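Engineer: I'd like to ask some things about the structure below.
Every number in this text was worked out from the coordinates using simple rules, so none of it is lab data. Just so it is clear, the structure is predicted and the values come from calculations on it, not from any experiment. When we count neighbours, we look across all protein chains shown, and the Cβ atoms used for this are built from the backbone with ideal geometry, even at glycine.
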Amino acid sequence: MNTIDIKKTDKNKIASTYARHDMAASSGKGARCYDTDGKEYIDFTAGIGVNSLGYCDEGWIKAVTEQINKLQHCSNLYYTEPQSKVAEMLTSRTGMQKVYFANSGAEANETAIKTARKYGSTRKGIEADRGKMITLKNSFHGRTLGAMTATGQPNYHEDFGPLPAGFRYCEANNIEQLEELADGDTCAVMMELVQGEGGVRQLDKAFVEAAAELCRKKDILLIIDEVQTGIGRTGKLFAYEYFGIEPDMVTFAKGIGGGLPMGGVLFGEKTCDVLQPGNHGTTYGGNPVACAGAVEVLSRIDERFLEEVREKSSYLKGRLLEIPGVSDVSGLGLMLGVTLDVKPAADFVKEALAMGLMTLTAKEKVRLLPPLTITYEEIDKGLEIFRKACL
Ligand SMILES: *Cc1c(COP(=O)(O)O)cnc(C)c1O
């Protein structure tokens, strides 16, 4: 098969789960992406927060190719070095006890849900069919049945019933409602600290602190979904560091592998020994090549790197607010939500793409998740197009 009409074949032969933009990506370098016609785009999406080091970072390519030339996969029935390295790095930098490796955000959250249910059943004596988990309205936790049901947005549930039982939804920032919902059968509360798909909305610190305190008092597990906010995205390794809390589980995915599919759960003291052999697993989870990529990503994201992310964030935020048509910028670090008063976000995203800038939507906002390594020159180039696309 030499040549193929990509767009036509895609439309006819690939399940239409995505309404794709009219662009076929072909290659990239740093924060620049090129389509099959050679047209250049500044990428403010990083593959939805995945390519944390940008396209084709040299150190990352070296780490990944060295590993692929040694061992591309090995069953989780055996030890592999890259997994241990990532586990060591993540636990030493967070103070969490153990890690479980999955391949995606949804799988990471499924793992946390199963762990919470087993904790409820075996440690709290909650009857198996009564265990409850509280998540927030407007949240997003993934597309598999459990993670989708955890997602507090009814439009994601439509037509996919019957849904797994035991999920309750609390309004974000409403501590009274959370107190009401958190009864004796509640095994866990799960939340994103900056709701990503839900519109880049940061939770109030007071609510998060009160929720953490409530969970501690009632022996309810606190699960923080850092699939989007984690691995340096917000200018800290994990966003929960801004909130002064100690979660019982932290789920991560998107940015960890630098572009390779990877996700996982960090377990605290209460949860690190809940799952036992036979309880849970995945064939691909912790794949050595993905883990080699993660080792490179984590070793690059040191304190200085995180400070640079915070500096780039305030520069980008400030410059965005100077653009006529931009009325607000929300978010943390390089996870930003831009409110426009000139046109709907979806129209903006389409027009900006045609002009050579890749952006995302999140509800009514334009969402930006550039690679964490984006240069000021690339930011300026992107901002120039952003300004034009606001006209
Ligand atoms: C993207 C995302 C998920 C789902 O991750 P997948 O890898 O697409 O399964 C879960 N939670 C949050 C907060 C996300 O942003």
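Engineer: Would you mind telling me which numbered condition in (1) touching a helix residue (DSSP H, G or I) at 6+ places or on another chain (Cβ under 7 Å); (2) charged (D, E, K, R); (3) away from the ligand (no atom under 16 Å from the Cβ) Glu110 fails?
Structural biologist: (3)
Engineer: Can you spot a residue in the range 294-314 that is within 26 Å of Lys114 (Cβ to Cβ) and within 16 Å of the ligand (Cβ to nearest atom)?
Structural biologist: Within the range 294-314, one or more residues are within 26 Å of Lys114 (Cβ to Cβ) and within 16 Å of the ligand (Cβ to nearest atom).
Engineer: How do the pairs read when you match residues in the range 226-237 that are on the phi < 0 side of the Ramachandran plot and buried (at least 24 other Cβ atoms within 10 Å of the Cβ) with residues anywhere that are in a loop (DSSP other than H, G, I, E, B) and aromatic (Phe, Trp, Tyr), using Cβ under 8 Å and keeping only pairs 6 or more apart or on different chains?
Structural biologist: These pairs meet every condition: Glu226/Phe238; Thr229/Phe238; Gly230/Phe238.
Engineer: Here are the criteria: (1) touching a Phe, Trp or Tyr at 6+ places or on another chain (Cβ under 6 Å); (2) basic (Lys, Arg); (3) within 16 Å of the ligand (Cβ to nearest atom). Tell me which single one Lys98 does not satisfy.
Structural biologist: It is condition (3) that Lys98 fails.
Engineer: Please tell me if Glu269 is surrounded by fewer than 23 Cβ atoms within 10 Å (Cβ to Cβ), under 12 Å from the mean Cα position of the chain (by Cα) and in contact (Cβ under 8 Å) with a residue 40 or more places away in the chain.
Structural biologist: When the stated conditions are applied, Glu269 does not pass them.
Engineer: What number goes with the only condition from (1) of a type outside the set (Asp, Glu); (2) crowded, with 21+ Cβ neighbours inside 10 Å; (3) within 23 Å of Gly30 (Cα to Cα) that Ala362 does not pass?
Structural biologist: (3)
Engineer: Now for a separate question. Do you know which of the residues in the range 120-151 that are surrounded by fewer than 16 Cβ atoms within 10 Å (Cβ to Cβ) and basic (Lys, Arg) is nearest to the ligand (Cβ to nearest atom)?
Structural biologist: Filtering the range 120-151 for residues that are surrounded by fewer than 16 Cβ atoms within 10 Å (Cβ to Cβ) and basic (Lys, Arg), the one nearest to the ligand (Cβ to nearest atom) comes out as Arg143.
Engineer: Would you check which residues across the range 51-97 are of a type in the set (D, E, K, R) and closer than 22 Å to Glu192 by Cβ and list them?
Structural biologist: Answer for the range 51-97, where residues must be of a type in the set (D, E, K, R) and closer than 22 Å to Glu192 by Cβ: just Arg93.
Engineer: Would you confirm whether any residue within the range 232-244 is closer than 17 Å to Thr115 by Cα and of a type outside the set (A, V, I, L, M)? Before the answer, list the steps.
Structural biologist: Within the range 232-244, the first condition is being closer than 17 Å to Thr115 by Cα, and the residues that meet it are none.
No, that holds for no residue.
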